[in-house]
Amino acid sequence: MSQPHIRLARLDDEDGLARLDRAAWSTLHAVQPEPLPPYDPFFSERFGPRDHLVAEFDGRLAGYVRIAYPTSLAANTHVRQIQGLAVAGEARGAGVGRALVRAAVEHARKAGARRMTLRVLGHNAPARALYESEGFTVEGVLPEEFLLDGKYVDDILMGQAL
């Protein structure tokens, strides 16, 4: 598989991103219940196409990353946060997640951000390894923050200076 093409999301990506997001759902990374019909729209008033980078292979959506402000406070606008990352099953292991993380960091840097942060579940070893290999470090741990599949799971706060 060649390198994915990364671009800003468009309105017409909504159905494909919604399907990809539902197919990728897992308690490995999701703290919300599995989505059931009728499905909420993928884009919302809070998160639109401008907040998503998408990866494509041969014109097909292979993944996305959501980049957002961590809070609505003016004093916090120098920080961007990865608030979602999903890769299509058939594209896993092909470097799509890594390409999206790198593109998110570069996107935030170009927008003038000084820091990039994220939250990842403690039991999500593949995602934690990816983020660490891309320069993110653990900045905090919220022990047993979530109860998923009958087990308490830590919420790991990670970040890096840009």
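I'm checking my understanding of the structure. Among residues of the stretch 48-77 that are of a type in the set (Ser, Thr, Tyr) and open to solvent by 20 Å² or more (accessible area, probe 1.4 Å), which one is nearest to the chain's Cα centre (by Cα)? Full working, then the answer.
Here is the first cut: in the stretch 48-77, the residues of a type in the set (Ser, Thr, Tyr) are 64, 69, 71-72, 77.
Filter again for open to solvent by 20 Å² or more (accessible area, probe 1.4 Å), leaving 69, 71-72, 77.
Working: Tyr69: 13, Thr71: 16, Ser72: 19, Thr77: 19 Å.
Only one residue fits best here, namely Tyr69.
Against the definition (open to solvent by less than 70 Å² (accessible area, probe 1.4 Å), under 15 Å from Arg98 (Cα atoms) and either touching a strand residue (DSSP E or B) at 6+ places or on another chain (Cβ under 8 Å) or at pLDDT 95 or above (or both)), how does Gly122 come out, yes or no?
No, not satisfied.
Inside the stretch 92-162, counting only strands (runs of 3 or more DSSP E) that do not spill past its ends, which hold 3 or more residues that are of a type outside the set (D, E, K, R), within 22 Å of Ala68 (Cα to Cα) and more than 13 Å from the chain's Cα centre (by Cα)?
137-148, 151-161
Quick check: is even one residue across the stretch 33-47 open to solvent by less than 70 Å² (accessible area, probe 1.4 Å), without any contact (Cβ under 8 Å) to a residue 12 or more places away in the chain and not aliphatic (A, V, I, L, M)?
There is at least one residue in the stretch 33-47 that is open to solvent by less than 70 Å² (accessible area, probe 1.4 Å), without any contact (Cβ under 8 Å) to a residue 12 or more places away in the chain and not aliphatic (A, V, I, L, M).
The values are calculated or read from the model by the stated rules, or taken from the named source; none is laboratory data. The model shown is predicted, which means the values in this text are computed figures rather than measured ones. Cβ coordinates were reconstructed from backbone atoms using ideal geometry, including for glycine residues, and neighbour counts include every protein chain displayed. These accessible areas exclude ligands, DNA and RNA; they are computed on the full protein's heavy atoms, side chains included. Shrake-Rupley method; radii C 1.70, N 1.55, O 1.52, S 1.80 Å.
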